[in-house]
Amino acid sequence: MSHILISGLVNIETTVPVRQFPMNYYPIDYPFFGVHTAVSGVAYNLALAMKTLGDEVGLLSMTGSDFPAAYIRQSLLDAGISPAGVQARLQETPGSVVLYDGAGKRQIYCDLKDIQDTAYDFPPDVLGGVDLVAACNINFSRPLLHMAKQAGVPIATDVHVLHDPYDPFNREFMEYADILFLSDEGIGSDYRPFLWELARIYNPSILVLGRGSRGAAIYLKAENRICELPARPVGPVVNTVGAGDALFSAFVHFYVRGISPLEALERAQLFAAAKIRVSGAAAGFVGEQEIEALRGLCGVAAPQE
């Protein structure tokens with residue numbers, strides 16, 4: 001069993017289906033059983049996904065001392081994840097609202113409260129027995145990057161939407177990452193020059209680009225090549241929110257277990273495809289057994305260089 005330490009945002013999320021984007025104005029709608037509120041946030045999504053896959057997870061985050069914080073704590077306990085690393089240091093607990101349509105498009109409103117200006121109190125033994133640190137790109141995770149690098153613990157991070165290889169907010173995370181994930185939403189279809197530039201600047205061992213319905217691409221430093229993997233749909237798409245977190249989580253899980261990067265990414269794509277069959281960023285996760293069953297049903301395509 002791998003021990004993954006996750007540092008990042010945990011919040012309360014409300015998902016709301018809308019008729020279309022752009023939205024037309026109307027004073028009220030009645031999407032019966034369509035509005036859902038649950039615990040989410042990138043760090044929670046990663047922790048729950050990796051826990052479902054069988055990893056031992058440690059979660060570091062911050063909340064307020066309010067009702068949402070109590071809800072988060074109980075949800076973690078119910079999921080078998082220790083809330084001991086969730087510190088009540090904020091004025092209020094962060095929250096988000098996600099609007100999504102039937103075509104898979106989404107619009108997210110994320111209220112971080114004062115988390116970007118609040119420091120986390122990392123205990124000196126926080127890295128004991130840890131196989132990998134998944135450091136989400138949020139300010140309080142920055143000291144953990146330095147701690148993990150000094151301790152020789154591999155670092156994985158997802159910078160999500162990136163427009164500039166020298167992005168000032170994400171640069172430190174990219175400099176420290178052994179495994180670097182991002183989405184193609186800020187790049188466009190001609191992504192290869194962008195990936196080569198990231199590889200040149202930051203020298204990660206592995207660089208993964210999530211491409212949504214077009215699949216994924218991966219840069220492998222050891223082989224100095226970029227491979228493209230096709231998408232692996234396994235059912236109707238209900239809500240794509242959290243797909244990138246699912247892809248990241250499953251890749252880290254399988255890679256730390258010793259599976260090759262290409263095979264880890266292929267399994268991660270199936271994990272993410274299964275997840276988006278349901279609504280909610282922290283819902284729809286499946287275990288290894290179902291992933292292997294889906295592999296048998298879908299077959300495995302050879303990656304394209």
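The values are calculated or read from the model by the stated rules, or taken from the named source; none is laboratory data. Here the structure is a predicted model, which means the values were calculated and not measured. Positions of Cβ are backbone-derived with ideal geometry, glycine not excepted, and every protein chain shown enters the neighbour counts. Heavy atoms of the whole protein, side chains included, go into the accessibility calculation; ligands, DNA and RNA do not. Shrake-Rupley method; radii C 1.70, N 1.55, O 1.52, S 1.80 Å.
Among the residues making up segment 1-20, those that are farther than 23 Å from A38 by Cβ and either part of a strand (DSSP E or B) or open to solvent by 20 Å² or more (accessible area, probe 1.4 Å) (or both) are M1, H3, L5, Q20. When each of D131, D125 is tested for being over 17 Å from the mean Cα position of the chain (by Cα), in contact (Cβ under 8 Å) with a residue 12 or more places away in the chain and open to solvent by 20 Å² or more (accessible area, probe 1.4 Å), the lone residue that passes is D131. Of all residues in segment 129-149, those satisfying the criterion of being within 16 Å of M174 (Cα to Cα) and either out of contact with any Ser or Thr (no Cβ under 9 Å at 6 or more places or on another chain) or part of a loop (DSSP other than H, G, I, E, B) (or both) are C136, N137, I138, R142, P143, H146, M147, A148, K149. Among the residues of segment 23-40, is there at least one that is in contact with a Phe, Trp or Tyr (Cβ under 6 Å, 6 or more places away or on another chain), in contact (Cβ under 8 Å) with a residue 60 or more places away in the chain and either of a type outside the set (A, V, I, L, M, F, W, C) or buried (at least 22 other Cβ atoms within 10 Å of the Cβ) (or both)? The answer is no, given that none of the residues of segment 23-40 is in contact with a Phe, Trp or Tyr (Cβ under 6 Å, 6 or more places away or on another chain), in contact (Cβ under 8 Å) with a residue 60 or more places away in the chain and either of a type outside the set (A, V, I, L, M, F, W, C) or buried (at least 22 other Cβ atoms within 10 Å of the Cβ) (or both). Is there a residue being closer than 21 Å to Y44 by Cα and hydrophobic (A, V, I, L, M, F, W, C) anywhere in segment 211-230? Checked segment 211-230: no residue is closer than 21 Å to Y44 by Cα and hydrophobic (A, V, I, L, M, F, W, C). Inside segment 229-242, residues that are in contact with a Pro (Cβ under 9 Å, 6 or more places away or on another chain) and buried (at least 17 other Cβ atoms within 10 Å of the Cβ) make up a count of 2.
Table: residues versus (1) touching an Asp or Glu at 6+ places or on another chain (Cβ under 8 Å); (2) within 22 Å of P154 (Cα to Cα).
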site	(1), (2)
D190	no, no
R214	yes, no
N224	no, yes
L229	yes, no
V238	no, no
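Every condition in (1) touching a residue at least 40 places away in the same chain (Cβ under 8 Å); (2) surrounded by 19 or more Cβ atoms within 10 Å (Cβ to Cβ) is met by I81 except one, and the failing one is (1). Only residues that are farther than 18 Å from R19 by Cβ and assigned to a loop (DSSP other than H, G, I, E, B) were counted in segment 87-128, giving 20. For segment 184-232, a tally of residues being assigned to a loop (DSSP other than H, G, I, E, B), over 20 Å from A268 (Cα atoms) and out of contact with any strand residue (DSSP E or B) (no Cβ under 7 Å at 6 or more places or on another chain) returns 8.
Answer yes or no as to whether R277 is of a type outside the set (V, I, T), modelled with pLDDT under 80, within 21 Å of the chain's Cα centre (by Cα) and open to solvent by 40 Å² or more (accessible area, probe 1.4 Å). When the stated conditions are applied, R277 passes them.
What do you reckon, is D111 closer than 19 Å to N11 by Cβ, touching a strand residue (DSSP E or B) at 6+ places or on another chain (Cβ under 7 Å), open to solvent by less than 60 Å² (accessible area, probe 1.4 Å) and among the charged types (D, E, K, R)? It is false that D111 is closer than 19 Å to N11 by Cβ, touching a strand residue (DSSP E or B) at 6+ places or on another chain (Cβ under 7 Å), open to solvent by less than 60 Å² (accessible area, probe 1.4 Å) and among the charged types (D, E, K, R). Checking Y219, Y191, Y166 one by one, the residue that is under 18 Å from S260 (Cα atoms) and among the aromatic types (F, W, Y) is Y219 and no other. Of the residues making up segment 285-305, those that are at pLDDT 75 or above and either open to solvent by less than 30 Å² (accessible area, probe 1.4 Å) or in a strand (DSSP E or B) (or both) number 4.
I'd like to know if segment 64-77 contains one or more residues that are assigned to a strand (DSSP E or B), surrounded by 19 or more Cβ atoms within 10 Å (Cβ to Cβ), within 18 Å of the chain's Cα centre (by Cα) and not small (G, A, S).
The answer is no; no qualifying residue exists.
Just one residue in the set P193, P204 is crowded, with 21+ Cβ neighbours inside 10 Å, at pLDDT 95 or above and over 26 Å from C298 (Cβ atoms); that residue is P204. The set of residues in segment 161-190 being surrounded by 14 or more Cβ atoms within 10 Å (Cβ to Cβ), touching a residue at least 12 places away in the same chain (Cβ under 8 Å) and within 24 Å of R106 (Cα to Cα) consists of L162, N170, L180, F181, L182, S183, D184, E185, G186, I187.
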